[in-house]
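S.K.: Encoded as structure tokens, here's the structure I'll be asking about.
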Amino acid sequence: MNATVTPITENQDPKALVTDMGKRARSVARTLAAMSSAEKAAALKKAATEIRTSAADIKAANAEDMKRAEEKGLSGAMLDRLKLDDDRIEGMAAGVEAVANLNDPVGSIISESERPNGMKLRRVRVPIGVIGIIYESRPNVTADAGALCVMSGNAAILRGGSEAIESNRAVHKALARGLEAGGVPGDAVQLVPTTDRAAVGAMLTAAGLIDLIVPRGGKSLVARVQDEAKVAVLAHLDGINHTYIDKAADPDMAREIAVNAKMRRTGICGAMETLLIDRAFADPKPIIAALAEAGCEVRGDAEAQKAGANVVAANDEDWDTEYLEPIVAVKFVDGVDGAMAHIAEHSSGHTDAIVTGDEATAQKFLNGVDSAIVMWNASSQFADGGEFGLGAEIGISTGRLHARGPVALEGLTTYKWVVLGTGQTRP
């Protein structure tokens, strides 16, 4: 069965299209769930090879998308997410290989016990079934999500944004060709072939065909998914991430972490958006100056403006903004308690970090901040499935149920109870 995407015809109904894709995905999900770890890994390695072999075609497709995106005036952050070059294509291929080399969670025993009557109970990891991923801009998600779903035994239906349609098609074509060569059914990873927004609505209401929706995009996309979904949602909200510089922080470490957390890549969800500085920290001026020298616009409260020559006044909206640009908001606080209070009010629950040499203060922060990822003396730019040793991620969940933080193989499984009896009957 060939999974290569062909353009949608003008009279094709998006709901009928998604229904057909869902039925085919449901059918192959049973086959995927029964495949061995070795079989899935071998197919993914073939897919990685195909991505590398298809690099020229992928770059050509991406060039078309980039040209249209620039003509439409997409932001620098969106253009950065969209762009594919040799290094990023190699990164996609390496990410697929990394997933192939991970431990397969399917079939693993989470817990087991024995009842007084001799019955043995086990909780065993199983695939969720059919995963729908709705994403914007980043064509690498096509490879990452497809690989993670296959390795975890799930079928995938991918719906990328219109700005990356040609790139997504090229990446998916290579991925599907490699998977099929490795024995994975062609419908295991399907790409919705239309940019019609009605297809998103059809996915969100495809209960019984799609088991889980994963949105990866901006506020408007996530809000729509949460408002309209009749299917379970694994939500990723804004990355309004904080770095708190404590009075006991090493000045050089604090400066380096702050600049890296903001400026390494400003358009990723792990980028720092707000810098909090303890009023008792000895010399904040070099940190603010280093951010400005790196090309970052600094917006701050009155104390931040006094500490930096080019700091502009922040307004209330700045504390609740995911810039995804070289802009940072800076606020001075009263110690770790002040930092935690600000984070509790303004954080999106993604990633928050503390820089300090005081272990007791660090533990108070790590225990008290209720975010999916909390860090001590490390840049928030490490908030990434690959950096966590997960190979790749399907998204970073900021919710509290099922999975939290970078979601990879284990997060794409559920469990079932297995009961082993010897003839027991219930009195």
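S.K.: Can you give me the relative contact order of the chain as a percent, contacts being Cα pairs under 8 Å and 6 or more apart?
M.R.: That works out to 19 percent.
S.K.: Pulled fully out, how much extra length does the chain show between residue 320 and residue 63, if you take 0.36 nm times their separation in residues and subtract their Cα-Cα distance?
M.R.: Between residue 320 and residue 63, full extension yields 89.1 nm more.
S.K.: Residue farthest toward the positive end of the dipole of region 161-296, with Cβ of Lys/Arg at +1 and Asp/Glu at -1: which of 295, 199, 222?
M.R.: So the residue we want is 199.
S.K.: Could you compute the net charge surrounding residue 110? Neighbours are other residues with a C-beta less than 15 Å from the C-beta of residue 110; K and R count +1, D and E count -1.
M.R.: Spelling it out: positives minus negatives among the neighbours equals +2.
S.K.: What trypsin sites (Lys or Arg not before Pro) in region 169-236 are in a loop by DSSP, with at most 13 other Cβ atoms within 10 Å of the Cβ? Could the numbers behind the result be given before it?
M.R.: Values: sites: 169, 173, 177, 197, 216, 219, 224, 230; in loops: 197, 230.
The qualifying sites are 197, 230.
S.K.: To continue, here is another question. Using only the Cα atoms of the chain, each taken as one equal point scatterer with no solvent, compute I(q) by the Debye sum, divide by I(0), and report log10 of the ratio at q = 0.08 Å⁻¹.
M.R.: -0.49
S.K.: Still on this structure, please answer the following. Any idea how many Lys pairs in region 4-101 come in under 22 angstrom at the alpha carbon, given 8 or more places apart or on separate chains?
M.R.: 9
S.K.: I'd like to know which of 258, 365, 32 lies farthest towards the positive end of the charge dipole of the chain, counting +1 on Cβ of Lys and Arg and -1 on Cβ of Asp and Glu.
M.R.: After comparing all options, I get 32.
S.K.: May I ask you to list the aspartates and glutamates whose Cα is less than 19 Å away from that of residue 230, ignoring any residue fewer than eight positions away on the same chain?
M.R.: 20, 211
S.K.: With +1 on each Lys and Arg Cβ and -1 on each Asp and Glu Cβ, and nothing else charged, work out how big the dipole of the chain is about its Cα centre, in Debye to the nearest 20. If you can, show how the numbers build up before the last one.
M.R.: Values: 46 positive and 58 negative charges, 420 e Å.
The calculated dipole for the chain is roughly 2020 debye.
S.K.: Per residue of the chain, what 222 nm ellipticity follows from adding -39500 (n - 2.57) for every DSSP H run with n ≥ 4, rounded to the nearest 500? Intermediate results must be reported in sequence, preceding the final value.
M.R.: Details: 14 runs with 173 residues, N = 427.
Value at 222 nm, helices only, nearest 500: -12500 deg cm²/dmol.
S.K.: So what's the net charge close to residue 316: Lys and Arg +1, Asp and Glu -1, counting the other residues with Cβ under 14 Å from its Cβ?
M.R.: Overall, the nearby charge balance is -3.
S.K.: Beta carbons within 10 angstrom, averaged per residue: use that to sort the peptides 386-392, 127-133, 190-196, highest first.
M.R.: 127-133, 190-196, 386-392
S.K.: Taking a quarter of the surface of the convex hull around the Cα atoms of region 246-353, what do you get in nm²?
M.R.: Orientation-averaged projected area of the Cα hull: 5.9 nm².
Read the figures in this text as sums done on the coordinates, not as results from a lab. In this text the structure is predicted, and so the values were computed from the model without any measurement. Note that each Cβ is placed from the backbone with ideal geometry, even for glycine, and that neighbours are counted across all protein chains shown.
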